[in-house]
Amino acid sequence: MNTPWRLWLLAARPKTLPAAIAPVVVGSAVAWGEDRFNQTAMAACLFFALIMQIAANLANDYFDWRRGIDANASERLGPKRFCQSGLIAPSDMRRAVALTVALAALPLLFLISRGGWPIVLLGMAAIAATLTYSGGPYPLASHALGEAAAFVFFGLVAVGGSAFLIGGHYHGLAFTAALPPGLLIAALMVVNNFRDMASDMQVGKRTLAVRLGRDKSILLYRGLLIASYLVPLAMARQRGPFLCLPLLALPLAWRLGRRIAVWQGQRINDLLAATAQFTLTHSLLFAAGIVLS
């Protein structure tokens with residue numbers, strides 16, 4: 001691979017990475033105070049989440065090229081498509097996907113040694129979801145399942161798995177706490193598919209945004225933002241007012257909800273990055289509330 005490292009950095013789509021950190025932060029907060037709290041496991045969970053997000057971004061570029069979805073790349077509003085544009089050879093991109101998945105095996109092996117066979121199953125499922133989001137015989141994104149997959153794997157699996165691995169056992173709080181980051185990362189996927197709706201329609205990629213249309217996609221995005229606040233507020237009734245800390249980021253959510261209806265063209269890329277940053281901000285405040293409650 002003779003591709004300049006700067007191109008690989010762009011292909012990894014670093015603006016999406018804060019969203020990968022968010023569920024591990026919340027899972028760590030759930031595990032905080034446990035006698036078996038393990039900082040090494042927390043670092044391994046973070047590393048695995050980041051590497052798998054990068055692998056998903058690289059795989060999306062490769063599989064969209066392979067399926068001809070990027071044939072009209074000049075009309076797409078998203079980040080540069082490196083395979084289609086010829087900046088990165090498809091064979092190099094394919095090897096990069098394999099390398100990142102192999103790299104993810106390093107923290108995964110440690111996590112398996114700590115969590116046992118359930119982590120084998122979860123790790124394999126996470127890798128499969130990464131590769132089948134855009135690839136395979138039944139690409140999830142092309143069948144309106146991208147948002148649901150994001151909710152499950154970046155919410156329920158990532159938060160619950162992190163809490164279990166870092167704290168040593170699983171309890172009900174992990175499931176409830178998994179809902180807000182899962183909802184927000186699903187919202188991130190809504191923006192991603194909302195941005196590409198016109199070009200996806202031309203090539204027959206039936207994302208959820210394509211099926212819902214513009215107005216319903218906007219309502220879905222706003223609904224997910226609102227729902228991410230309903231869970232902490234409901235938890236605050238039982239665990240105390242610190243769970244209301246995410247309200248400090250409510251002005252950010254309000255601006256995001258307005259911008260999706262008025263921003264167009266390349267500005268949707270800024271909305272995508274802002275949604276990822278908001279997801280991390282909300283999750284940090286939510287995690288702080290869990291620890292303090």
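The values are calculated or read from the model by the stated rules, or taken from the named source; none is laboratory data. No experiment lies behind these values; they were computed from the predicted model shown. A quick note on method: Cβ atoms are made from the backbone with ideal geometry, for glycine too, and the neighbour counts reach across all protein chains shown.
Values as computed for the structure displayed
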| quantity | calculated |
| --- | --- |
| Residue in the stretch 257-264 that is of a type outside the set (Phe, Trp, Tyr), free of Cβ contacts under 8 Å to residues at least 40 places away in the same chain and outside any helix (DSSP H, G or I) present | yes |
| Total residues in the stretch 125-147, condition loosely packed, with under 14 Cβ neighbours inside 10 Å and within 17 Å of the chain's Cα centre (by Cα) | 2 |
| Long-range neighbours under 6 Å by Cβ, at least six apart or interchain, first residue farther than 17 Å from ALA274 by Cβ within the stretch 218-239, second of a type in the set (A, V, I, L, M) | LEU220/VAL190; ALA227/LEU183; VAL231/LEU179; PRO232/LEU243; MET235/LEU243; ALA236/LEU243 |
| Selected residue (criterion: surrounded by the fewest Cβ atoms within 10 Å (Cβ to Cβ)) from residues of the stretch 217-266 that are among the charged types (D, E, K, R) and at pLDDT below 95 | ARG237 |
| Selection count, the stretch 93-112, where residues are surrounded by 20 or more Cβ atoms within 10 Å (Cβ to Cβ) and more than 25 Å from LEU165 (Cα to Cα) | 3 |
| The stretch 267-278: number of residues that are among the β-branched types (Val, Ile, Thr) and either touching a strand residue (DSSP E or B) at 6+ places or on another chain (Cβ under 7 Å) or modelled with pLDDT of 95 or more (or both) | 1 |
| Hits in the stretch 227-251 (condition: in contact with a helix residue (DSSP H, G or I) (Cβ under 9 Å, 6 or more places away or on another chain) and either farther than 20 Å from ILE290 by Cβ or not in a helix (DSSP H, G or I) (or both)) | GLY240 |
| Residue check for ALA150: assigned to a helix (DSSP H, G or I), crowded, with 24+ Cβ neighbours inside 10 Å and modelled with pLDDT under 95 | yes |
